[in-house]
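Here the structure comes first, spelled out in structure tokens, and everything after it is commentary.
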Amino acid sequence: MEEILILAVESSCDETAAAVVRNGREVLSNVIYSQIALHTEFGGVVPEIASRKHIEKINQVIGQALAEAGAGLKDMTAIAVTYGPGLVGALLVGVSAAKAISFATGIPLVGVHHIEGHISANFIENKELEPPFVCLVVSGGHSHLVVVKDYGEYEIIGRTRDDAAGEAFDKVARAIGLGYPGGPKIDRVSKEGNPEAIHFPRARVAGSPYDFSFSGLKSAVLNYLNSCEMKGEPVNTADVAASFQKSVVDVLVEHSIEAVKEYGYGKFAIAGGVASNSALRGAFEQACAENQIAFYHPSPVFCTDNAAMIGVAGYYEYRKGIRHGYDLNAVPNLKLGERI
Ligand code: KG4
Ligand code: ZN
């Protein structure tokens, strides 16, 4: 088989990342420069700072990805780059770098959807996984239940009506004084807490069995904290974190298992930053085992933003004949399955 090497670039939020992927599923290098420390003092990602840091880091990160793969630009079959969704200024840095390399070398350019990347992260370590399957994508900006019909072919069957799951983690973490980024901190603190200590709501969206809503849960946590303060009662941070996390996990598991049963593929995957949550993984392992569903998940490093996942998605796009021109632009609200 002809060897296909993809150089992948990702800069949609606060990670500057580049990777080299061989034949779609073998990661030769995966370099991630995380800006988290820079944004922590502001309690969240500051778009201007993110863009500026991407510009500083992008060439270095791409150079390192090639060096670690033991390859040069001349060896690359194509360059894949995230062109949406995400922060426009941040996306533009990766898109411009990829276009410049493509223009200078003649290597074909393939634009990739960020969420398609997250889903495709499952193909890296699960060599036997093939579509069709149902995938839950839970990140800082997205909560989608997706039917992966084929490579690059998706049907969104459920979405959040308000906050994304990761956003809820980040907001609740801030409210209980854990700081940014909230997800990993709540995950850690919850291990010391009792998930049954406080009953927070599990929202359902009337008439839409697979949709999510997390803003009511966030308000319930804020109300609980206020009422403790008014009554002068101490707040057990670990119990609040664990009870909140349990509520999110219960809803995600319940909706997902219903969807897998309905669609009948017997295969289920998770993706996105929140997919690295240990309680979520544990709950899915159990629920899938009970329902004879094969459960797939990427390692944590492939759950949060990285370029290897973009290289995998880019490989399948390349194989489909998808190519972009030098007019490729950042599309901050690009829809899954849409190609511009
Ligand atoms: O996929 P990602 O890196 O970026 C987006 O595309 O949004 O996801 C980041 C989100 C953040 O909201 C972060 O708090 C959450 O994923 N996250 C977690 C965990 N690790 C990251 N949420 C819960 N538990 C975790 N262990
Ligand atoms: Zn992401």
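Kirkwood hydrodynamic radius, the stretch 1-155, all distinct C-alpha pairs: what's the number in Å? Over the stretch 1-155, the inverse of the mean reciprocal pair distance is 16.2 Å.
Using the Karplus relation 6.51 cos²θ - 1.76 cosθ + 1.60 with θ = phi - 60°, the per-residue 3J(HN,Hα) values for the stretch 314-323 come to x, 4, 5, 5, 4, 4, 7, x, 6, 9 Hz, with x marking Gly and Pro. Size check on the stretch 121-262: the Cα extents along the three principal axes, sorted descending, read 55, 35, 23 Å. DSSP assigns beta bridges within the chain; of those with both partners inside it, close to 60 percent run antiparallel.
With respect to the chain, whose longest principal axis is taken over its alpha-carbon atoms, helix 237-263 is tilted by about 60°.
Taking Leu92, Leu252 and ordering them by how much accessible surface each has at a 1.4 Å probe, largest first, produces Leu92, Leu252. Placing one equal scatterer on every Cα of the stretch 204-340 and applying the Debye formula, the log10 ratio I(q)/I(0) at q = 0.13, 0.17 Å⁻¹ is -0.81, -1.13.
Projecting the Cα positions of Val248, Ile310, Ala294 onto the charge dipole of the stretch 241-330 (unit charges on Cβ atoms of Lys, Arg, Asp and Glu, taken about the Cα centre) puts Ile310 furthest along the positive direction. Note on the chain: helix-only mean residue ellipticity at 222 nm, from DSSP H runs of 4+ residues weighted -39500 (n - 2.57) and normalised by residue number, equals -13500 deg cm²/dmol. Pairs of C-alpha atoms in the stretch 96-188 farther apart than 18 Å represent 61 percent of all such pairs.
When you count the other C-beta atoms within 10 angstrom of each residue and take the mean per peptide, 171-178, 311-318, 242-249 line up highest first as 311-318, 242-249, 171-178. Protein-only accessible surface at a 1.4 angstrom probe places the residues Val110, Val301 in the order Val301, Val110, largest first. For the chain, the convex hull spanned by the alpha carbon atoms encloses 127 Å³ per residue. Using the Karplus relation 6.51 cos²θ - 1.76 cosθ + 1.60 with θ = phi - 60°, the per-residue 3J(HN,Hα) values for the stretch 140-146 come to x, x, 9, 9, 10, 9, 10 Hz, with x marking Gly and Pro. Note on Val301/Glu233: beta-carbon distance plugged into 1/(1 + (r/R0)^6) with R0 of 45 Å gives a FRET efficiency of 0.65.
In order along the stretch 86-98, the Karplus-derived 3J(HN,Hα) couplings, from 6.51 cos²θ - 1.76 cosθ + 1.60 at θ = phi - 60°, round to x, 7, 4, x, 6, 4, 4, 5, x, 4, 5, 4, 5 Hz, and Gly and Pro are given as x. Label-to-label distance for Lys191 and Arg204 is 3.4 nm, based on points extended 7 Å past Cα in the beta-carbon direction. On the principal axes of its alpha-carbon atoms, the stretch 14-61 has extents of 40, 19, 13 Å, going from largest to smallest. In terms of the mean number of neighbouring beta-carbon atoms within 10 Å, the peptides 277-284, 149-156 order highest first as 277-284, 149-156.
The values are calculated or read from the model by the stated rules, or taken from the named source; none is laboratory data. All values reported here derive from a predicted model rather than from experimental measurement. Note that we place each Cβ from the backbone using ideal geometry, even for glycine, and neighbour counts take in every protein chain shown. Keep in mind that these areas ignore ligands, DNA and RNA; they rest on the heavy atoms of the full protein, side chains included. Shrake-Rupley method; radii C 1.70, N 1.55, O 1.52, S 1.80 Å.
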